[in-house]
Amino acid sequence: MTGYRLLVFVHVLAAAVWVGGYVLFAWAAPALRRAPQGTQAFRVLGLRFRGLSWVAVGVLLATGVGFLLSGWDPAQPVLRDKLGLVGIAVLLKAAHDFWAAPAAARGQLPAVWATGLARANLVVLVGVLFLATLLRGPR
């Protein structure tokens with residue numbers, strides 16, 4: 001396996017962790033909140049995912065820099081758009097993880113804010129994945 005292929009594998013793995021966690025929370029975890037003692041379990045799951053997903057974001061950013069160093073052109077329209085959506089996704093994630101979710105857990109903000117930010121981020125991340133399928137590699 002070449003270094004470039006390893007870079008691609010690690011990048012895709014980190015994306016799967018980040019996006020897959022959002023899919024889990026959007027589709028399966030809401031039922032957990034309605035279960036007896038589910039709110040506490042939901043918080044524990046959320047905190048565990050938050051740490052893992054920030055590691056995934058860091059890996060994605062590091063491997064993304066590796067792609068740029070290997071010849072990817074950031075001026076390529078699809079890559080430019082993908083990077084823009086990644087920036088939006090990171091901002092939405094930070095707003096959710098460090099503002100909305102903690103405030104909702106303390107009862108200082110309606111939970112709909114945290115849920116809305118998380119769902120908006122999932123939509124943006126699906127856009128990132130779509131654009132990733134349209135990318136052309138380095139020239």
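The values are calculated or read from the model by the stated rules, or taken from the named source; none is laboratory data. Owing to the predicted nature of the structure, the values given are computational and were not obtained by experimental measurement. In this analysis, Cβ positions are derived from the backbone assuming ideal geometry, glycine residues included, and neighbour counts consider all displayed protein chains. For accessibility, only protein heavy atoms count, side chains too; no ligands or nucleic acids. Shrake-Rupley method; radii C 1.70, N 1.55, O 1.52, S 1.80 Å.
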Next item on the list: Within region 1-40, work out how many residues are of a type in the set (D, E, K, R) and touching a Phe, Trp or Tyr at 6+ places or on another chain (Cβ under 8 Å).
Entry: 1
Item checked: The lone exception for Gly87 - which of (1) closer than 28 Å to Leu134 by Cβ; (2) under 12 Å from the mean Cα position of the chain (by Cα); (3) without any contact (Cβ under 8 Å) to a residue 60 or more places away in the chain; (4) crowded, with 17+ Cβ neighbours inside 10 Å it fails -> (4)
Checklist line | Selected residue [modelled with pLDDT of 90 or more and either surrounded by fewer than 12 Cβ atoms within 10 Å (Cβ to Cβ) or more than 10 Å from the chain's Cα centre (by Cα) (or both)] from Gly20, Gly58, Gly38 | finding: Gly58
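Which residues, counting only those in region 28-55, are small (Gly, Ala, Ser) and part of a helix (DSSP H, G or I)? Don't jump to the end; show me each part of the working.
Initially, region 28-55 is screened for residues small (Gly, Ala, Ser), giving 28-29, 31, 35, 38, 41, 46, 51, 53.
Hits for region 28-55 are Ala29, Ala31, Gly38, Ala41, Gly46, Gly51, Ser53.
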Note to self: Regarding region 67-81, can at least one residue be identified that is surrounded by 15 or more Cβ atoms within 10 Å (Cβ to Cβ) and more than 20 Å from Leu134 (Cβ to Cβ)?
What the structure shows: no
Checklist line | Residue satisfying condition, being more than 20 Å from Gly127 (Cβ to Cβ), of a type in the set (Lys, Arg), out of contact with any Asp or Glu (no Cβ under 8 Å at 6 or more places or on another chain) and surrounded by 12 or more Cβ atoms within 10 Å (Cβ to Cβ), within set Arg43, Arg5 | finding: Arg43
Notebook entry, point to check: From the residues in region 118-139 that are open to solvent by 30 Å² or more (accessible area, probe 1.4 Å) and free of Cβ contacts under 8 Å to residues at least 40 places away in the same chain, which one is nearest to Arg50 (Cα to Cα)?
Noted result: Ala120
